[in-house]
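Okay, so here's the structure we're looking at.
The values are calculated or read from the model by the stated rules, or taken from the named source; none is laboratory data. These numbers come from a predicted model, not from an experiment. Positions of Cβ are backbone-derived with ideal geometry, glycine not excepted, and every protein chain shown enters the neighbour counts. With ligands, DNA and RNA removed, areas are computed over all heavy atoms of the protein, side chains included. Shrake-Rupley method; radii C 1.70, N 1.55, O 1.52, S 1.80 Å.
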Amino acid sequence: MTKSRILFETIAFDAMGVLYRSPDDVAELLVPYARVKGSTLGEQQIRELYTECSLGRIGTAELWEGLGTHGASDEEYCRAHELTKGAAPLLKRLAYQGIRLACLSNDVSVWSVLLRRRFRLDETITTWVISGDIGVRKPDPKAYEALCRAVDTADPGRVLFIDDRAANVAAARAVGLAALRYGAAETPEGTRAVRDMAELEEVLTGWTS
């Protein structure tokens, strides 16, 4: 990627399914982990408790207790997550260009911190807007408004948001953000889509001044 300037002040990434490999961390990671630790709850019940925790309404100690687990820990659970191939070098190149990098994610606050530190993402992503901290989840418009406040912009169109879920991309566009869908070859709603980090970098390289 050249030193030419990308036409956005801020690029904001979703976490699960974009920065991290698992697009549905509840089904792929939390449910299996909870069951290994003794939970007998169904997936829907686990999702409901997770949602409460990801909105900051309960802490992780209450979550593990509510799931009926034994010996579960935040640190052990978070070790199951994997960084998306190509994410770290792309973030470094974008930061080198002077682009402000942010993350807007539906996540449990404690887990978000553990993961960003583990993968050293806080070295390049300087702004983190997490549902567990702000009390709303995408695709609620208030989540995108919180992002704009966090990056201190009066022009949402200067923010590019990247998410793997069509509903979240559509909601971002509805409040004025530029948006790309990640992990899809094409999208029926007409939103620009990229399949992987290599294709994302190609698209970003084309948006330069």
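Points worth noting:
- The stretch 111-209: GluC sites (Glu not before Pro) in DSSP coil with no more than 13 other Cβ atoms inside 10 Å: E186, E189
- Mean residue ellipticity at 222 nm, helices only, the chain: -11000 deg cm²/dmol; runs of at least 4 DSSP H residues each add -39,500 (n - 2.57), and the sum is divided by the number of residues.
- Label-to-label distance, Q97 versus E9, with points set 7 angstrom from Cα along the beta-carbon direction: 1.8 nm.
- Applying the criteria of a DSSP loop state and at most 14 other Cβ atoms within 10 Å to the GluC sites (Glu not before Pro) of the stretch 62-120 yields E82.
- Of A27, G66, A102, farthest towards positive along the dipole that unit charges on Lys, Arg, Asp, Glu beta carbons give the chain: A102
- Taking all protein chains together and rolling a 1.4 Å probe, H70 ends up with roughly 140 Å² accessible.
- Potential extension, A61-D122 segment - 0.36 nm per residue separation minus Cα distance: 19.5 nm
- Which of W128, W111 is most accessible, then next, and so on - probe 1.4 Å: W128, W111
- Heavy-atom accessible surface of the chain, averaged per residue, reaches 46 Å², computed with a 1.4 Å probe.
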